[in-house]
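Asker: Please read through the structure below; I'll follow up with questions.
The values are calculated or read from the model by the stated rules, or taken from the named source; none is laboratory data. Just so we're clear, the structure is a prediction, and the values are computed from it rather than from any experiment. Backbone-built Cβ (ideal geometry, glycine too); neighbour counts: all protein chains shown.
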């Protein structure tokens, strides 16, 4: 099922009209995609047991691709299951964005390894953290779906046109883009340069 940061009922209430469910859902999916793209490609909605395959190296830290991570079900390194804990070779999750392992994430120095992580990330339905993203989706939809000249020319099966209309609306709102990136995207961190 595609991610949706709002419902057809939300949109119908906003526009004060009855809506065709399939068409409204298509627009909501498109608007959700546009908002999540503005947030740095983060899937803002909760995804349970998502599988991420990453390249591991000799560093101790492994950045997880989606935020925030609320649970890690399993971690495998080149096909070998790793355990969580404090012993050498185990992994830990300090925070919601990365894993740490004292032995690094490569089984052979100089060659990348395959790290497969099954995790739950994003924000569960109904939490306050979703309200800003939901408002952004509904704001885009009000401008595009609620505009009879803009939305009526987009056919019911044309996901591409709907996405383009919503993306154009987002591009016209740089403040909204920055706010979404700040709220849900990755924040810049310090990088260690050199050593000594």
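Asker: I need the full set of residues from segment 164-191 which are modelled with pLDDT under 75 and closer than 18 Å to residue 3 by Cα, in order please.
Answerer: Matches in segment 164-191: none.
Residue-wise test of (1) in contact with a helix residue (DSSP H, G or I) (Cβ under 7 Å, 6 or more places away or on another chain); (2) over 23 Å from residue 177 (Cα atoms).
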{"site": "17", "(1), (2)": "no, yes"}
{"site": "34", "(1), (2)": "yes, no"}
{"site": "40", "(1), (2)": "yes, no"}
{"site": "47", "(1), (2)": "no, no"}
{"site": "72", "(1), (2)": "no, yes"}
{"site": "108", "(1), (2)": "no, yes"}
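Asker: Further question: Scanning for something modelled with pLDDT of 95 or more, in the same structural domain as residue 18 (by TED's automatic domain parsing), closer than 30 Å to residue 73 by Cα and not in a strand (DSSP E or B), does segment 133-150 turn up at least one residue?
Answerer: Within segment 133-150 (the criterion being modelled with pLDDT of 95 or more, in the same structural domain as residue 18 (by TED's automatic domain parsing), closer than 30 Å to residue 73 by Cα and not in a strand (DSSP E or B)), the answer is yes, since at least one residue qualifies.
Asker: Inspect segment 115-122 for any residue being in a loop (DSSP other than H, G, I, E, B), buried (at least 20 other Cβ atoms within 10 Å of the Cβ), touching a strand residue (DSSP E or B) at 6+ places or on another chain (Cβ under 8 Å) and touching a residue at least 40 places away in the same chain (Cβ under 8 Å) and give the result as yes or no. Full working, then the answer.
Answerer: So the first thing to find is which residues in segment 115-122 are in a loop (DSSP other than H, G, I, E, B), and the list is 122.
Subset that is buried (at least 20 other Cβ atoms within 10 Å of the Cβ): 122.
Filter again for touching a strand residue (DSSP E or B) at 6+ places or on another chain (Cβ under 8 Å), leaving 122.
In the following step, the residues that additionally are touching a residue at least 40 places away in the same chain (Cβ under 8 Å) were identified as 122.
The answer is yes, given that some residue of segment 115-122 is in a loop (DSSP other than H, G, I, E, B), buried (at least 20 other Cβ atoms within 10 Å of the Cβ), touching a strand residue (DSSP E or B) at 6+ places or on another chain (Cβ under 8 Å) and touching a residue at least 40 places away in the same chain (Cβ under 8 Å).
Asker: Shifting gears a bit: If I ask for residues that are in contact (Cβ under 8 Å) with a residue 40 or more places away in the chain and farther than 23 Å from residue 160 by Cα, which ones from segment 6-32 would you list?
Answerer: 14 - this is the single residue of segment 6-32 that is in contact (Cβ under 8 Å) with a residue 40 or more places away in the chain and farther than 23 Å from residue 160 by Cα.
Asker: Here's a follow-up. Are there strands (runs of 3 or more DSSP E) fully within segment 1-113 with at least 3 residues that are crowded, with 19+ Cβ neighbours inside 10 Å and outside the structural domain of residue 137 (by TED's automatic domain parsing)? List them.
Answerer: Details: elements: 47-56, 61-63, 69-77, 80-82, 98-101.
By residue number, 69-77.
Asker: Also, I was wondering about something else. The conditions are (1) under 19 Å from residue 166 (Cβ atoms); (2) at pLDDT 95 or above; (3) in contact with a helix residue (DSSP H, G or I) (Cβ under 9 Å, 6 or more places away or on another chain), and residue 123 fails exactly one of them. Which is it?
Answerer: Among (1) under 19 Å from residue 166 (Cβ atoms); (2) at pLDDT 95 or above; (3) in contact with a helix residue (DSSP H, G or I) (Cβ under 9 Å, 6 or more places away or on another chain), the lone unmet condition for residue 123 is (1).
Asker: Now for a separate question. Take residue 161 and tell me if it is in a helix (DSSP H, G or I), surrounded by fewer than 16 Cβ atoms within 10 Å (Cβ to Cβ) and modelled with pLDDT under 95. Reasoning before the result, please.
Answerer: On the way: in a helix (DSSP H, G or I): yes; surrounded by fewer than 16 Cβ atoms within 10 Å (Cβ to Cβ): yes; modelled with pLDDT under 95: yes.
Criteria met by residue 161.
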